[in-house]
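Each remark here refers to the structure printed beneath this line.
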Amino acid sequence: GIQVEQSPPDLILQEGANSTLRCNFSDSVNNLQWFHQNPWGQLINLFYIPSGTKQNGRLSATTVATERYSLLYISSSQTTDSGVYFCAVALEGDYKLSFGAGTTVTVRA
Amino acid sequence: DAGITQSPRHKVTETGTPVTLRCHQTENHRYMYWYRQDPGHGLRLIHYSYGVKDTDKGEVSDGYSVSRSKTEDFLLTLESATSSQTSVYFCAISERGTSGSLSYEQYFGPGTRLTVT
């Protein structure tokens, strides 16, 4: 199956700092999603981004499908950004997602 | 928020007992999924459905069965629960994108925490 690798596994930030999370995948995909799992366990959709760049407030994401990676940018981090960020992909022609192991982000006040 | 509910939200059961988890959606989406989440493993697909009465296995399907008798409900059954099935279970839904898009953006329910003692 497709391999999804996220880095770094853990990230500790001071409030106000910027950060970049990376997702590498091993095959061509037609779906790539970024999720935020908050400390209460809820999975929140951040981006559907199989290619290109999107922005939503302080968050933005870029996927370079030809090079098989995606980046999630967090700017001016806040304590509410804490949690686990997951990247998930689906192979071309498929609709089932494969998840990376996640990046745990801790933002300190 | 996508209209997805899961019940129960928490359950403690004993080894060997049957358990059924319910996922209910109000979005009329065709595709539904069950995942489990365990420390160190992220989310792993158990079973999925691509229509009423159409289901298939995911990567960790042993010990689980599913049923989908109507569009809005997808049931996950542990026929005889084991301690290794202690986990958080998430349901998800998706639909094919419009305008020729092949997107199947998934949305997740709130999860069910199951403990098997």
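The values are calculated or read from the model by the stated rules, or taken from the named source; none is laboratory data. On a predicted model such as this, the values are computed, not experimentally measured, just so you know. Glycine gets a Cβ as well: all are built from the backbone with ideal geometry, and neighbour counts include every protein chain shown. These accessible areas exclude ligands, DNA and RNA; they are computed on the full protein's heavy atoms, side chains included. Shrake-Rupley method; radii C 1.70, N 1.55, O 1.52, S 1.80 Å.
Apart from one condition, A:Y85 fits all of (1) without any contact (Cβ under 8 Å) to a residue 24 or more places away in the chain; (2) open to solvent by less than 10 Å² (accessible area, probe 1.4 Å); the exception is (1).
Residue count for segment A:54-74 under the criterion of being on the phi > 0 side of the Ramachandran plot and either open to solvent by 90 Å² or more (accessible area, probe 1.4 Å) or touching a strand residue (DSSP E or B) at 6+ places or on another chain (Cβ under 6 Å) (or both): the result is 1.
Exactly one residue among B:H29, B:H41, B:H24 is without any contact (Cβ under 8 Å) to a residue 40 or more places away in the chain and under 22 Å from A:Y95 (Cβ atoms), and that residue is B:H41.
Scanning segment A:66-100 for residues that are small (G, A, S) and within 13 Å of chain B (Cβ to nearest Cβ) yields a count of 5.
Sort out which residues of segment A:24-46 are open to solvent by less than 30 Å² (accessible area, probe 1.4 Å) and under 17 Å from B:L43 (Cβ atoms), and write them in order of number. Result: A:F25, A:V29, A:N31, A:L32, A:Q33, A:W34, A:F35, A:H36, A:Q37, A:N38, A:G41, A:L43.
Checking each residue in segment B:74-106 for being within 9 Å of chain A (Cβ to nearest Cβ), modelled with pLDDT of 95 or more and open to solvent by 20 Å² or more (accessible area, probe 1.4 Å) picks out only B:V88.
Have a look at B:T55, B:T71, B:T15 and point out the one that is more than 10 Å from every other protein chain (Cβ to nearest Cβ), over 15 Å from the mean Cα position of the chain (by Cα) and open to solvent by 10 Å² or more (accessible area, probe 1.4 Å).
B:T15 is the lone residue from the list that is more than 10 Å from every other protein chain (Cβ to nearest Cβ), over 15 Å from the mean Cα position of the chain (by Cα) and open to solvent by 10 Å² or more (accessible area, probe 1.4 Å).
Set side by side, the residues B:R36, B:R96, B:R30, B:R113 differ, and just one is basic (K, R) and under 10 Å from the mean Cα position of the chain (by Cα), which is B:R36.
A:S26 meets each of the listed conditions (1) within 26 Å of B:K57 (Cα to Cα); (2) within 14 Å of chain B (Cβ to nearest Cβ); (3) of a type in the set (S, T, Y) apart from (2).
Would you point out the residue of segment A:8-23, among those that are within 14 Å of chain B (Cβ to nearest Cβ) and outside any loop (DSSP other than H, G, I, E, B), that is surrounded by the most Cβ atoms within 10 Å (Cβ to Cβ)? So the residue we want is A:C23.
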